[in-house]
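Trainee: Structure provided below as structure tokens; questions to follow.
Please treat every number below as a calculation from the coordinates, not as lab data. The shown structure was predicted, so the numbers you read here are calculated from the model rather than taken from an experiment. Here the Cβ positions follow ideal geometry from the backbone for every residue, glycine too, while neighbour counts run over all protein chains shown.
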Amino acid sequence: MDELGAVLEGAGGIDAPAELRARLHALLAAELARGEAELARSRSGYDAPVTVAFAPEAAGGIRAVVPVVPALRADPDAAPERAWLLTAAAVGALAQAGAGADELTAGVWDGLLALRAPGGEVELAPLAFEEQVAGVDRLRARALVVPAAVLESAGDLREPLGAAHPLKVAARIAALGGRPADPASVAEHEEAVLAALEGASPQVARPHEDPDPSRRVARRILQRLDGMGKWGGYHTDITHLARGFAANDRALAGAVGEALLAAGLLREKPSVGQRHVFLDPGRAGDIRALIDAGTLPPGLRLP
């Protein structure tokens, strides 16, 4: 057994005495630093699983820390794909353990990303995490529960930046009973998430009423991807771009998707036997202008 796991087991796990706080903090920090390095490799956690930690709060709630840069809270492109999926699985585990994922906040613990949600039973988190992370390609990971005192120093806990930040989308999917690290589950809950987002933040202009067919389709594709937080590491199969359109618009949606790729508003990430796409964070201004006002950026030639 690794040193962190052995010390936790020998000290009574979540009930470890207060005098072990400093040692457990140091061991966890070292384990998470190893995990962060693992997530940059082509396969992560195969020699020893990548660790995620959960802890209870004295006032009620669950905290978690993942080996991912805290910049992810503001910048969806700050972490590589596997690091994002590990984080999404942790969000799903919070919800499955009964915490209020729809009230998720994020902060910093020892230079890494901390998460917090109210309520829940922290003892359920490791098993929930195991279920949530299952199937993530080229990743082996585990969750440990540590005493509350180990994660109490997590600070600057606040709401992720932006209405459609992937952390918020993951929390919505988890609150609906989905698995935010599983693309099939994300697709299954897409309509409900979009409806909730549009209800909270109605568009200034309505893309589906645009009189130009190609521009209307382009705006709706971008609106959907934005609403589902498909920025940076959170991507979707290119064939999904035509979902939700009438049968006579699906071919046009495919052609518009290729035009958005050619113009650089979308970027492509090859996957196993598939083409996956995501919104380019560097073109956020152009993307939002097209969604909200129908303003075509330079270089976009729609069919």
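Trainee: Of the peptides 51-57, 2-8, 237-243, how do they stack up when ordered by the mean number of other Cβ atoms within 10 Å, highest first?
Mentor: Descending mean neighbour count gives 51-57, 237-243, 2-8.
Trainee: OK, next. I'd like the Karplus ³J(HN,Hα) series for the stretch 26-35: coefficients 6.51, -1.76, 1.60, θ = phi - 60°, whole numbers in Hz, and an x wherever there's a Gly or Pro.
Mentor: 5, 5, 5, 4, 5, 5, 5, 4, 4, x
Trainee: Could I ask something else about it? Please identify which residues in the stretch 244-286 have an amide N closer than 12 Å to a label point set 7 Å out from the Cα of residue 138, following the Cα→Cβ vector.
Mentor: Under cut-off, by backbone N: 270-272.
Trainee: Starting from the exponent 0.38 and prefactor 2.2 Å, build the expected Rg for the stretch 3-175 from its residue count and divide its actual Cα Rg by it.
Mentor: Numbers: Rg = 14.5 Å, N = 173, 2.2 N^0.38 = 15.6 Å.
Rg over 2.2 N^0.38 Å, computed on Cα atoms: 0.93.
Trainee: Which peptide among 110-123, 283-296, 214-227 comes first, and what is the full order, when sorted by highest mean count of other Cβ atoms within 10 Å? Please report the intermediate quantities before stating the final value.
Mentor: Numbers: 110-123: 19.9, 283-296: 17.0, 214-227: 22.8.
Output ranking for 110-123, 283-296, 214-227: 214-227, 110-123, 283-296.
Trainee: Does the stretch 206-293 come out rounded, prolate or oblate by the C-alpha gyration tensor, with a ≥ b ≥ c the root eigenvalues, rounded set by a/c under 1.5 and, if not, prolate when a/b is larger than b/c and oblate if not?
Mentor: oblate
Trainee: In nanometres, what is the gap between the two model label sites at residue 248 and residue 19, each 7 Å from Cα along Cα-to-Cβ?
Mentor: Going from the residue 248 label point to the residue 19 one covers 8.0 nm.
Trainee: Go through (1) 68, 37, 29; (2) 70, 51, 31; (3) 63, 47, 32 and flag the label whose value is the computed Cα extents along the principal axes in Å for this structure.
Mentor: (1)
Trainee: In terms of the Cα gyration tensor, with a ≥ b ≥ c the square roots of its eigenvalues, is the stretch 21-101 rounded because a/c is under 1.5, prolate because a/b exceeds b/c, or oblate?
Mentor: Oblate is the answer for the stretch 21-101, as a/c is 1.5 or above yet b/c matches or exceeds a/b.
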